[in-house]
Each structure stands twice: as C-alpha cells, then as structure tokens.
Amino acid sequence: MPEVRDDLGRRLELAASPRRIVSLVPNLSETLWWWHLADRVVGLTDFCVAPPGAFEHGVRVRGTKNPDVDRIISLAPDLVVASEEENRELDVRRLTDAGVAVYVTRVRSLADAAASLAGLGRAVGQPGLADGTEQAIRRALDQARPPADPIAAVCPIWRDGDRRGAAETWWLIGGDTFAGDLLATCGFVPALPSLAEARYPRYRRDELEDARPAAVLLPDEPYRFTASDAEVFASWPARVRHLDGTALSWWGPRTPHAVGDLVRLARQLARPRRCGRSRSDRAA
C-alpha cells in the first residue's frame, strides 16, 4: 500500500486496506458507514450513534475524551481513526506506543474537511467513495448563494455560571474552527470582532447583549440548548434560531446538506422580520 500520512503529517505503516478499524469520533464513524465500511468497525465510542443500529457488532470503548485504551489494543485494530479536536494527544500517544496505527484528522475549515476526507479515504482503501464525498462538499459550496449582507451572529456551544445574572458565561464558536468557517461561508459574521481571535472564547451574557447581534444561533450539541435557553434573549432584538448541532461539527457526508440549510437560514434572516412570527424557530 502507498505511504499514508495523516492530517498531522505523521507517517502510518499500513500493509493493506485495514480490515479492523476503531473509530474514536462520531462523525468519522458515520463517514465509515457512508463508505460501506461499517462491518470493519470493531470498536467505537459511546457517542457514535449515527446511523442508528449501524454498528451493533462494534465494541463500545467509552467516550472521546476517556477511551479505554487497553480495550482498544485488545481488539487488535489495523487502524484507529481519531481527531485532534475531539481526542486527547495522550490517548493517541499511548496507542501508537503500543504499535497501533492511528490516523489523526485535523479540520479547521471546509477546505480542510474536503482534504481530510480524501486522505482518510486513501488510508481505509476507499479513495473513490471519499472523492465522492469531497466533491459533494465542493459542489454545495459552488452552489451556495449566501445573502449579500452577512448576518451578525453569535453561536454559543456551552453556558455555565450563575444563570440568574448577567455575569453568566457563554462559550461561543470562534475563529479557526470548522463550525466558524462553515457559518462564515454560509452568510454569518461574528457579532463580536474578537471572536476571530480565539477558537472557543467565553463572554459574559451582558457582553453578548452589548454586541447587539442580529441573530443568536443555538445548537443542540455539545450543549443541548432548548426553549428555556432561548428565553434569555426574549427581550433582545436578536432573532433566535435553534440549530442541528451535528451540522456544525459532524463534517463529512452531512456537510453538503448543512451548507444548503445554513445558507437558506441566512437568507431568511436577511429578510425583514414579519409581524406575528415567532422569534425562535427550529432551523438547519
């Protein structure tokens, strides 16, 4: 098999197309299923739940941040697929020290995702299907028509602290992230210019209000924002929308649909508000 290097430039020694794969990231598990490799996935995390029932034969090896490394090694995988974003360097190092080949993805943009999928496809012996996924993403980007005037928005991924006061902190999607690049590509700009300077910055609630965003986007993962969370913004002029969180983080086969959905949402929010419509709706 030709030499394989992962997204970090690390050389992997793979004698042939891997027959026993362990996936430590939900979106990579879904991608392997999409490429007809579900029967080769012998291990995966507790969070690898899509598609439902696709990996019933796979051994669960705990979570992305605390995988059971000894259990993974006992599965004798030909390849472990991991992510710089989701998995700890310590766990990757422990696996490689045990002689296990680990392919680590590093994705901070839509372009990164397309390139990473192509590389992963070569590593697992499915370059044709990987190219198809990559091309689907590129076609979605070519067809995207975001609004001429981008929407100033904030997109939290977590909240913590005192929920009764303005000093409560909210974690936001910032720059140098796949989700941030996806939102920017689809017609959203950070309501706080400093968002571009950190990947997941924290702001007090009163700081968010002072930024006067035109839209607040509330995904349902990793923190499940609900209608009660949306009530925080009831007195703001911002329009609140709930999003499918996987659209923002599960890059791969669902990314073309995410691009289309988010562009449509941006175009909808760019139109003048209609009287009588609810401030908070489900979208994307």
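The values are calculated or read from the model by the stated rules, or taken from the named source; none is laboratory data. Since the structure is predicted, the reported quantities are computational estimates derived from the model, not experimental observations. Cβ atoms come from the backbone with ideal geometry, glycine included; neighbour counts cover every protein chain shown.
In table form, for the structure just shown:
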item	result
Some residue of segment 118-136 being part of a loop (DSSP other than H, G, I, E, B), within 29 Å of R271 (Cα to Cα) and of a type in the set (A, V, I, L, M, F, W, C)	no
Cross-chain or 6+ apart pairs with Cβ under 6 Å, segment 66-87 first and under 17 Å from G9 (Cα atoms), then part of a loop (DSSP other than H, G, I, E, B) and of a type in the set (G, A, S)	L79/A101
Counted residues, segment 109-144 - those being within 16 Å of E3 (Cα to Cα), free of Cβ contacts under 8 Å to residues at least 40 places away in the same chain and among the hydrophobic types (A, V, I, L, M, F, W, C)	1
Per-region count, segment 203-223, residues crowded, with 20+ Cβ neighbours inside 10 Å and under 12 Å from the mean Cα position of the chain (by Cα)	1
Of all residues in segment 224-261 being surrounded by 17 or more Cβ atoms within 10 Å (Cβ to Cβ) and either of a type in the set (K, R) or outside the structural domain of T177 (by TED's automatic domain parsing) (or both), the one that is farthest from the chain's Cα centre (by Cα)	R239
Lone unmet requirement of (1) crowded, with 19+ Cβ neighbours inside 10 Å; (2) at pLDDT 95 or above; (3) assigned to a loop (DSSP other than H, G, I, E, B) for G174	(2)
Hits in segment 1-52 - residues which are in contact with a Phe, Trp or Tyr (Cβ under 7 Å, 6 or more places away or on another chain) and closer than 19 Å to A247 by Cβ	P26, N27, S29, E30, C48, P51
Unmet criterion (only one of (1) without any contact (Cβ under 8 Å) to a residue 24 or more places away in the chain; (2) under 25 Å from G252 (Cβ atoms)) for E221	(1)
Some residue of segment 17-28 being within 19 Å of T96 (Cβ to Cβ) and more than 23 Å from the chain's Cα centre (by Cα)	yes
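Per-residue answers, yes or no, for (1) small (G, A, S); (2) closer than 22 Å to I137 by Cβ; (3) touching a Lys or Arg at 6+ places or on another chain (Cβ under 9 Å):
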{"residue": "L183", "(1), (2), (3)": "no, yes, no"}
{"residue": "P193", "(1), (2), (3)": "no, no, no"}
{"residue": "E197", "(1), (2), (3)": "no, no, no"}
{"residue": "Y200", "(1), (2), (3)": "no, no, no"}
{"residue": "E207", "(1), (2), (3)": "no, no, no"}
{"residue": "D210", "(1), (2), (3)": "no, no, no"}
{"residue": "E221", "(1), (2), (3)": "no, yes, no"}
{"residue": "A230", "(1), (2), (3)": "yes, no, yes"}
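Per-residue answers, yes or no, for (1) under 17 Å from P237 (Cβ atoms); (2) in contact with a helix residue (DSSP H, G or I) (Cβ under 8 Å, 6 or more places away or on another chain):
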residue	(1), (2)
T185	no, yes
R202	no, no
R205	yes, yes
L208	yes, no
P213	yes, no
V216	yes, yes
A227	no, no
